[in-house]
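Remarks on the structure that follows.
The values are calculated or read from the model by the stated rules, or taken from the named source; none is laboratory data. Keep in mind that this is a model prediction, so the values were computed, not measured. Virtual Cβ from ideal backbone geometry, glycine too; neighbours counted across all protein chains shown. Areas reflect the complete protein model, heavy atoms only, side chains present, ligands, DNA and RNA absent. Shrake-Rupley method; radii C 1.70, N 1.55, O 1.52, S 1.80 Å.
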Amino acid sequence: MDRLSCYVLLLLSFFCFRLDLSWSLKTRFNRAPDNQGSSDLANLVYHMGPVLSSPIKLYIIWYGNWNSTHQAIIRDFLNSFSSPALSPSVADWWKTVTLYTDQTGSNISDSLSLSGEFFDSRLSNGVRLNRLSMQHIIKNAVTSKPSPLPLDPRNGLYLVLTSSDVQVDEFCRAVCGFHYFSFPSIVGATVPYAWIGYSGTQCPGVCAYPFARPLGAPPPSAMGGNDIMRPPNGDAGVDGMISVIAHELAESSSNPLVNAWYAGDNPIAPGEIADMCLGLYGSGGGGGYVGKVSTDAGGNGYNVNGVKGRRFLVQWVWDPVKKRCFGPNAMD
């Protein structure tokens, strides 16, 4: 993290703000049939930029009017990265992400901690947001009195989470989340951040996969049948959001300045380590089938365990050693 600012001026010479890296719906629902066991489908290359090798401090900005139950689920998920839980665990899932290194050989940090929260229920930037709005929301969070979030360019990773009553450009139509880095001219320093929206009331069939049926897509199921998978924490919107948060955390850590780990020669539309595995949650997945995952007594699907007995369903990521998509619930 302390090396991030060294790259900013160079990057701004080549990239405009529109290059925020997104959890793409087009990629999501038109994915190649199965990246699980083939390295031919992905040519992930290191482009010499930094990764988040220092201990990562997560700062949440709750934007909008949030349901306290939904907040508790997300907090428990984020706290699961650094706390023991039954295997396969959220922490086990993150181990694949830590296999990525920078040019000095430093791995992505295995330390993620929820280090601060800011509640922007007054909607400092209104109810209709665009990509640039996220940076102004971060600026407000780190400058508001009496209890601002710290501006932490060495260790900070900021999560802007928007509630059901907030509209974001392209949300539900093109993206479910994205990550980028802040401009010092707006925020005051360069920090990586990600935005993820709650889709439970706006577009569960789009951004809450596989807990709701996408239009024109085969119905997802833990068993490969015709039933929609039930969410492990009882809410399709927040359970779907958990997987998008995991997706953006993995890519923010491995490609925080758009110049580290991605596939292809075009950073405008890169394939990042989670993009390679969209729709895969277990062994045998592909072609609309999420793969082999567990179900509890109530039929709720999950593949990792967290704190307080929580269970979550989190998509796999590309393993640079195995050269395939992988998760801790893999059967091989």
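Express in whole angstrom the spacing between the alpha-carbon centres of region 233-248 and region 288-326. The two parts, judged by their Cα centres, are 12 Å apart.
Using Cα pairs under 8 angstrom and six or more residues apart, how large is the relative contact order of region 151-193, in percent?
Working: 32 pairs, mean separation 21.8, N = 43.
The value is 51 percent.
Which FRET efficiency, nearest 0.05, do Ser68 and Asn43 yield, Cβ-Cβ r, R0 41 Å? Could the numbers behind the result be given before it?
Values: r = 44 Å, r/R0 = 1.08.
My answer for the efficiency is 0.40.
To the nearest 20 Debye, how big is the dipole of region 48-326 about its Cα centre, given +1 on the beta carbon of each Lys and Arg and -1 on that of each Asp and Glu?
Details: 19 positive and 20 negative charges, 46 e Å.
Charge dipole of region 48-326: 220 debye, to the nearest 20.
Calculate how many DSSP beta bridges within region 46-193 are antiparallel, expressed in % of all such bridges and rounded to the nearest 5. Please report the intermediate quantities before stating the final value.
Numbers: 3 of 22 bridges.
Counting DSSP beta bridges with both partners in region 46-193, the antiparallel share is about 15 percent.
Pairs Lys57/Lys139; Lys57/Lys308; Lys57/Lys323; Lys57/Lys95: which exceed 25 Å Cα-Cα? Walk me through the numbers before you get to the answer.
On the way: Lys57/Lys139 17 Å; Lys57/Lys308 21 Å; Lys57/Lys323 29 Å; Lys57/Lys95 17 Å.
From Lys57/Lys139; Lys57/Lys308; Lys57/Lys323; Lys57/Lys95, over 25 Å: Lys57/Lys323.
Return the carbon/sulfur percentage of the accessible area of region 48-326, one whole number, probe 1.4 Å, all protein chains in place.
Details: 4840 of 9660 Å².
Carbon and sulfur together cover 50 percent of it.
Net charge in the neighbourhood of Leu161 (other residues with Cβ under 12 Å of its Cβ; Lys, Arg +1, Asp, Glu -1) is -2. Across region 48-326, the mean sequence separation of Cα contacts (distance under 8 Å, 6 or more residues apart), normalised by length, yields a relative contact order of 22 percent.
Placing a label point 7 Å from the Cα of Ala269 along the Cα-to-Cβ direction, the residues of region 163-198 whose backbone N falls under 15 Å from that point are 174-175.
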